[in-house]
Amino acid sequence: MRKRLLCVLLAALCLLTACQKAPEPVEFSTFSMNTFMSFAFYGEGETENQRVQDRVNVTLRRLDSLFCVNNEYGDVNQINRSEGRRVKVDAPTAEVLSRSLELCELTGGALDITAYPAVKAWGFTQEEHRVPSPGELAELAGKIDYTAVGLEGEWVTLPAGMELDLGAVAKGYAGDQLDQIMRDAGISSALLNLGESTIVAVGGKQDGSPWRIGVVDPARPESYFAVVELEDMAMGTSGGYQRYFEQDGVTYWHILDPETAAPARSGLASVTVAAPSALTCDGLSTALFVMGLEDGTQFWRDHRELEFEAVFVTEEGEIYRTAGLTGRFSLAEGYEDREVTVLE
């Protein structure tokens, strides 16, 4: 009798377990930093989940206000209008400037946050595109120099006639901050999509598997050619397909070479970077695009301390990936026959 009762109880327990639904993620979206962002996380309760959403939205509004070049009262706008005077900035601005300037130095200026006048001259800020003359480009290139940015604590100095822009790193910095918000709330599974190919994976999926993120095909931006598996990692992509215009049969994209103040012609169509820090991903994807395949690969070899891996796609459609993505990189359906060169 006892054995029969035990069997009945076990059967009931199995039935109850089977009927339990898997937890549903909390999903919400917002528009910030001039892009659409979406978030999904697995929380512990309705009240705490709402607190997390509120913290995310408040953080994004604050950072957007500080970093937006067009916000009259924002830190970046104040720096650009300072005419060489010292400007006191908020702690997040000082932090993102410090980290950005470190990347500018590490990449030998391939990433340069003072290229804003050139970006404006090409019309990418207001989408009123034009091709500057060679003389204008030479003058603009002379005003691009991250080493001229002075940063002492929360005080910033920028020479008159120069302007900076944090567009290459702002969403990455925001992603790192939102990652920390999730972890502080005890959330161990979340996917944060900050738009324009900036992704942060907090932990993995609820079932223990990693998040699977598609890598856009620069030749066909409506599809993706590969999948990268992420767990406690971020991913950022820079590509000429993201923002560009055509004139007289020539394509001009928004990723500029600081040395020429013109669109970078490195032979690459896109670069995807995976790393623990989203700011590192965004900043390096831009820098590696400017460097090109050979110099970008050497930079990866020389800077293992940054803990990043990369996927390069050339303008001819060739695919290269770094060795650290082994087991985490796969070609998508329809692209299985493409050759992938592993960089050692």
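Note down all Cβ pairs under 6 Å where the first residue falls in the stretch 59-88 and is among the β-branched types (Val, Ile, Thr), the second is in a loop (DSSP other than H, G, I, E, B), and they're at least six residues apart or on different chains.
The qualifying pairs are VAL69/ASP165; VAL76/VAL69; ILE79/LEU158.
Restricting the stretch 190-215 to residues that are hydrophobic (A, V, I, L, M, F, W, C) and either out of contact with any Phe, Trp or Tyr (no Cβ under 6 Å at 6 or more places or on another chain) or under 20 Å from GLY324 (Cα atoms) (or both), which is surrounded by the fewest Cβ atoms within 10 Å (Cβ to Cβ)?
ILE213
Is it the case that some residue within the stretch 75-88 is surrounded by fewer than 18 Cβ atoms within 10 Å (Cβ to Cβ), within 18 Å of the chain's Cα centre (by Cα) and of a type in the set (Ser, Thr, Tyr)?
There is no residue in the stretch 75-88 that is surrounded by fewer than 18 Cβ atoms within 10 Å (Cβ to Cβ), within 18 Å of the chain's Cα centre (by Cα) and of a type in the set (Ser, Thr, Tyr).
Any chance the stretch 168-189 includes a residue that's touching a Phe, Trp or Tyr at 6+ places or on another chain (Cβ under 9 Å), over 30 Å from PHE41 (Cα atoms) and in a loop (DSSP other than H, G, I, E, B)?
No, every residue in the stretch 168-189 fails to be touching a Phe, Trp or Tyr at 6+ places or on another chain (Cβ under 9 Å), over 30 Å from PHE41 (Cα atoms) and in a loop (DSSP other than H, G, I, E, B).
Just checking, how many residues over the stretch 310-344 are within 16 Å of LEU288 (Cβ to Cβ) and hydroxyl-bearing (Ser, Thr, Tyr)?
4
Among (1) under 15 Å from GLN242 (Cβ atoms); (2) without any contact (Cβ under 8 Å) to a residue 40 or more places away in the chain, there is one condition TRP211 misses while meeting the rest; what is its number?
Among (1) under 15 Å from GLN242 (Cβ atoms); (2) without any contact (Cβ under 8 Å) to a residue 40 or more places away in the chain, TRP211 violates only (1).
Filter the stretch 60-82 down to the residues that are assigned to a helix (DSSP H, G or I) and small (Gly, Ala, Ser) and list them by number.
Listed by number, the list holds a single entry, SER65.
So how many residues does the stretch 294-320 have that are surrounded by fewer than 21 Cβ atoms within 10 Å (Cβ to Cβ), part of a helix (DSSP H, G or I) and not aromatic (Phe, Trp, Tyr)?
The number of residues fulfilling the criteria is 9.
No value in this document is a laboratory result; all are computed from the given coordinates. Worth saying up front: this structure is predicted, and the values here are computed from it rather than measured. Quick reminder, even Gly has a Cβ in these numbers, built from the backbone with ideal geometry, and neighbours come from all protein chains shown.
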